[in-house]
Amino acid sequence: MIRKGDDRINKRFLSIRFLPNSNRGLSEVVTNLLLILLVLVSVGVVWAVVRNIVSEGSGGIELGQFTYDLQIQSAYVSGTDVIVGIRRNSGGGDILGMKFVFLNETGSIIIEKIGSIKELERKTFTFASAEVPGIGAGDEVSVAPIYESGGEKTGSVTDSATISGNPPAGEGGTGNQGTGTCGDSLIQNPNSNGINEQCDGNNFGGQTCTDLGFIGGTLRCASGCQFDKSQCTGAIPLSCNGVWQAGSEDLGVECDGTPLPNGCAADCTCKPGFTLNGAGGCSFNPSINTGTINSVWNNIFLDSQNLPKSDTVNNYIGDYVNFSNSVENRCFLITFADYLPENNISYLRLEDSLGTPNISFGQGYSVWEAEKCGQ
């Protein structure tokens, strides 16, 4: 038995019985704390790495791009142009424009078209040969949306198609006289603008190059809803000899005489923007749109409240415009036209290789199918 007063024995007892066990217990606690600390540090390091990977990966992913659905409904060659019809299906927010990728065996061409397209809306785009050199039937075209998401972004390709050598079958049919407009796929004689339509879009009224006196080829419809026989092949009818002989001209001979200035081409057909007059000549078609300039920008763009407020304004591409109550007396080719639904206004772009037009707000304009603008 240990007595309380014996300090030496107490100290010795403590040194033998308690100190070693206390040191061992403290060591185990320290060890466990170090292990926990190491685990926490390791978790922190791993999370930092994972977070960086996730943030870097997610930076290139835009969820919105997967909700846009642009469908190529038609893609075909028309003369020297490539025509692409796009339909937007449901889904996604506003689209700022589209990127078209044309691909052939030698490379690719990327063309950006700015302009909105609504859900379930259809738009047709015409690409001139100068825009898509070397692209033709059998080549491929793809489309991708351009949209806003913290800046302008291009989404993934939503559809691709092989370009056909022939237009798709038209809707066909004719409309009542004095109704409709050029571009509604119905042939009216005359339409609401007073134009006798020979064709409309892909609707040729069953006519072909052969029906018009040629051996073959592809019949086209010009922007003024008149036959374009430039791609028809075969010999010019014998009666196309410079003299109009009423009642004895061969099929397909609309006019006969001096090609200029009466609008009769060398193959005895009326040029786009002219209509045969039944007496061997061709008369200017009336202007297809007139109005007042609302604004002008970059010297080559103009908009007007009088232009069609729909995609039918695209039919004016390839037509011509001149101006009234203006110092500008020239006739300009329309190289682009589009409708902006968000502003409910349409605009035209004018060809400026020979100089920009001298026009301004408030001046009058007229759109013509013929190159000389009715002059």
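In the condition set (1) under 15 Å from Lys372 (Cα atoms); (2) crowded, with 16+ Cβ neighbours inside 10 Å; (3) under 29 Å from the mean Cα position of the chain (by Cα), Thr275 is compliant with all but (3). The residues in region 277-335 that are under 21 Å from Asp352 (Cβ atoms) and either among the polar types (S, T, N, Q) or touching a helix residue (DSSP H, G or I) at 6+ places or on another chain (Cβ under 8 Å) (or both) can be counted, and the count is 14.
This table checks each residue for (1) modelled with pLDDT of 80 or more; (2) in a loop (DSSP other than H, G, I, E, B); (3) assigned by TED's automatic domain parsing to the domain that holds Ser74; (4) surrounded by fewer than 19 Cβ atoms within 10 Å (Cβ to Cβ).
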residue: Gly206; (1), (2), (3), (4): no, yes, no, yes
residue: Cys225; (1), (2), (3), (4): yes, yes, no, no
residue: Ser230; (1), (2), (3), (4): yes, yes, no, yes
residue: Gly242; (1), (2), (3), (4): yes, yes, no, yes
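Residues satisfying the criterion are present in region 136-145 (criterion: touching a helix residue (DSSP H, G or I) at 6+ places or on another chain (Cβ under 8 Å), modelled with pLDDT of 85 or more and buried (at least 19 other Cβ atoms within 10 Å of the Cβ)).
Number of residues in region 305-354 that are exposed (fewer than 15 other Cβ atoms within 10 Å of the Cβ), without any contact (Cβ under 8 Å) to a residue 40 or more places away in the chain and of a type in the set (Ser, Thr, Tyr): the value is 2. Taking the criterion of being farther than 14 Å from Phe125 by Cβ and of a type outside the set (Gly, Ala, Ser), the residues of region 96-109 that qualify are Leu96, Leu103, Asn104, Glu105, Thr106.
Considering (1) under 28 Å from the mean Cα position of the chain (by Cα); (2) more than 19 Å from Asp256 (Cβ to Cβ), the lone condition that Thr210 does not fulfil carries the number (1).
Exactly one residue out of Lys99, Lys118 is out of contact with any helix residue (DSSP H, G or I) (no Cβ under 6 Å at 6 or more places or on another chain), modelled with pLDDT of 90 or more and basic (Lys, Arg), and it is Lys99.
The values are calculated or read from the model by the stated rules, or taken from the named source; none is laboratory data. No experiment lies behind these values; they were computed from the predicted model shown. FYI the Cβ positions are ideal-geometry reconstructions off the backbone, even for glycines, and counts take in every protein chain you see.
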